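Nothing in this text is a laboratory measurement; each read-out follows from the coordinates by a stated rule. Note that the coordinates shown come from a computational prediction; the quantities given were computed from them, not determined experimentally. Glycine gets a Cβ as well: all are built from the backbone with ideal geometry, and neighbour counts include every protein chain shown.
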């Protein structure tokens, strides 16, 4: 699962990194070190042969949905169900995207407590989460047209396995063209891209419990902290960061 992440790289830098047209000035977002479901987020996609970056709502709202609230339950899409689940199969075939992130958070459970961890690329570059996007029109016309997205998850690599049984699909640059090409209908080949990133690609460290509250934001959230000590069976055990 990916339920919280960081989006702090300036949008003009992100657009250059992904080779995309930047979003309009009025659509620019402030740095967010605690992106949460239903927040507005940057998305990279292609339309009519042009790669663009724009702002969508995080939490995919299927075109057939009667209420936007369904999106809060669709922030992630399991890679193994994209071709069969009604909520995702059209987008998988026609509306694939990249959700840029500086890193993401996951919580490691030890001794009945949870230690938040920050996971990022070892080379310091932005992560390219494989995603899907959709266009939804509010039946009541109150909200008009809403563009939304979801982050695709897969099983963990060796590093992540100690923390969680899922992780976002992180696409390397040589796979972006294939993934974003809307004319590509080879779902088997596309599905083959949705695998865990090699362990060497990511690094992680413990961070403050302040990230637990979506009200908190700022670069201090990703600062390393000492792992929390917990008592287990009358012995002192440290929450390791690996």
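Structure summary
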{"quantity": "Global geometry of region 1-132, whether rounded, prolate or oblate, following the gyration tensor of its Cα atoms and the 1.5 cut on a/c", "calculated": "oblate"}
{"quantity": "All-pairs alpha carbon distance profile, region 99-159, 10 Å steps from 0, percent", "calculated": "16, 34, 26, 18, 6"}
{"quantity": "Most mobile listed residue (76, 157, 209) in the chain, GNM with C-alpha springs under 10 Å", "calculated": "209"}
{"quantity": "Highest-fluctuation residue, 128, 91, 210 considered, GNM on the chain with Cα pairs under 10 Å", "calculated": "210"}
{"quantity": "Gained length - residue 161 relative to residue 38, 0.36 nm times residue gap less alpha-carbon distance", "calculated": "41.6 nm"}
{"quantity": "Rounded Å value of the spacing that divides the Cα centres of region 1-78 and region 186-205", "calculated": "20 Å"}
{"quantity": "Zero-based 10 Å bins, Cα pair distances in region 151-199, whole percents", "calculated": "26, 49, 22, 4"}
{"quantity": "Protection proxy ranking of 160-172, 78-90 - average other beta-carbon atoms within 10 Å, highest first", "calculated": "160-172, 78-90"}
{"quantity": "At 1.002 mPa s and 20 °C, Stokes diffusion of region 1-75 via Kirkwood alpha-carbon radius, µm² per second", "calculated": "160 µm²/s"}
{"quantity": "Two-decimal log10 I(q)/I(0) for region 5-238, as the Debye equation yields it once each C-alpha is a single scatterer, q = 0.11, 0.13, 0.15, 0.17 Å⁻¹", "calculated": "-0.57, -0.79, -1.04, -1.31"}
{"quantity": "Calculated FRET value between residue 16 and residue 184, using beta carbons and R₀ = 25 Å, to 0.05", "calculated": "0.55"}
{"quantity": "Label-point separation, residue 199 to residue 172 (7 Å along Cα→Cβ), nm", "calculated": "1.7 nm"}
{"quantity": "Anisotropy class of region 102-222 from Cα gyration tensor, a/c 1.5 cut", "calculated": "oblate"}
{"quantity": "Computed lengthening from residue 213 to residue 47, 0.36 nm per intervening residue step minus Cα-Cα distance", "calculated": "56.1 nm"}
